[in-house]
């Protein structure tokens, strides 16, 4: 029996997604729209952040959402910025055999017309995204044996709720069963939505058993958080 979906929500500077000593070093420069700013832990150091742009205006679960969302301690929903550049989706070379499932999931995601969160890909990538540099990407890879069968780890800024990167680990023994519905569930969880108990691709279930398209509940949740205008407008809009 597969373990149910698990979501690990992490701080941008506390979960070990990559390494960075000082973003003033050109080799460790921040990805846009993150900026190299004084670190809250060390005034002499610099870290990648969007905090100087101000806090999003949104609070709590958006009205009309059929799903819960991950909230910060200040009740801000974890959410991606709606930038002109789509959020890249990548996968490790060891998952080449499951590429078709991820391609179909990306196509299904983009077919939801009210969804303003654009994703693109998938493309091969040998390394997971470096959230400490503000690298925006959703990445699929084979995880360590013995862990959860399907484990998305979402990185975001605690002070703003702005999502950065997400790494989805598949248990090696279950990778061959990974299907389109599983990839769609990962995209939902990596976009800030909490696992559902029913009527959603994020509901617990064996790999390969999920619907190959988003449910009506999933689509309403996407529209509520990422519709136009998005729920987290205000300061986010400047990007």
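The values are calculated or read from the model by the stated rules, or taken from the named source; none is laboratory data. Note that the structure is a prediction, hence the values are computed from the model and not measured. As a convention, Cβ positions derive from the backbone with ideal geometry for all residues, glycine included, and neighbour counts pool all protein chains shown.
Of the residues 134, 64, 116, only one is out of contact with any strand residue (DSSP E or B) (no Cβ under 6 Å at 6 or more places or on another chain) and at positive phi; which?
Details: 134 fails: out of contact with any strand residue (DSSP E or B) (no Cβ under 6 Å at 6 or more places or on another chain); 116 fails: at positive phi.
Going through 134, 64, 116 in turn, just one is out of contact with any strand residue (DSSP E or B) (no Cβ under 6 Å at 6 or more places or on another chain) and at positive phi: 64.
Taking the listed residues 21, 42, 68, 85, the one that is within 22 Å of residue 131 (Cβ to Cβ), surrounded by fewer than 21 Cβ atoms within 10 Å (Cβ to Cβ) and either modelled with pLDDT of 90 or more or within 17 Å of the chain's Cα centre (by Cα) (or both) is 85, with no other qualifying. Counting only residues that are surrounded by fewer than 18 Cβ atoms within 10 Å (Cβ to Cβ), part of a helix (DSSP H, G or I) and either touching a strand residue (DSSP E or B) at 6+ places or on another chain (Cβ under 6 Å) or free of Cβ contacts under 8 Å to residues at least 24 places away in the same chain (or both), segment 164-212 holds 1 of them. Among the residues of segment 43-60, those identified as touching a helix residue (DSSP H, G or I) at 6+ places or on another chain (Cβ under 8 Å) and outside any strand (DSSP E or B) are 53, 54, 55, 56, 57, 58.
Tell me, please, whether a residue that is over 17 Å from residue 64 (Cα atoms) and surrounded by fewer than 24 Cβ atoms within 10 Å (Cβ to Cβ) can be found in segment 213-225. Checking segment 213-225: at least one residue is over 17 Å from residue 64 (Cα atoms) and surrounded by fewer than 24 Cβ atoms within 10 Å (Cβ to Cβ).
Residues in segment 93-144 that are part of a loop (DSSP other than H, G, I, E, B) and either crowded, with 18+ Cβ neighbours inside 10 Å or touching a helix residue (DSSP H, G or I) at 6+ places or on another chain (Cβ under 6 Å) (or both): 13 in all. Selection of segment 40-73 for residues being more than 23 Å from residue 227 (Cβ to Cβ) and free of Cβ contacts under 8 Å to residues at least 40 places away in the same chain yields 40, 41, 42, 43, 44, 45, 46, 52.
Evaluated against (1) within 22 Å of residue 75 (Cα to Cα); (2) under 17 Å from the mean Cα position of the chain (by Cα); (3) at pLDDT below 95, residue 234 falls short on exactly one condition, (2). Residue count for segment 121-131 under the criterion of being in contact with a strand residue (DSSP E or B) (Cβ under 6 Å, 6 or more places away or on another chain) and closer than 17 Å to residue 96 by Cα: the result is 5. Candidates in segment 145-156 are the residues that are at pLDDT below 90 and either more than 30 Å from residue 49 (Cα to Cα) or surrounded by 22 or more Cβ atoms within 10 Å (Cβ to Cβ) (or both); of these, the one that is nearest to the chain's Cα centre (by Cα) is 152.
Could you please let me know if residue 82 is over 25 Å from residue 179 (Cβ atoms) and either in a helix (DSSP H, G or I) or in contact (Cβ under 8 Å) with a residue 24 or more places away in the chain (or both)? Working first, answer last.
Details: over 25 Å from residue 179 (Cβ atoms): yes; either in a helix (DSSP H, G or I) or in contact (Cβ under 8 Å) with a residue 24 or more places away in the chain (or both): yes.
Spelling it out, residue 82 is indeed over 25 Å from residue 179 (Cβ atoms) and either in a helix (DSSP H, G or I) or in contact (Cβ under 8 Å) with a residue 24 or more places away in the chain (or both).
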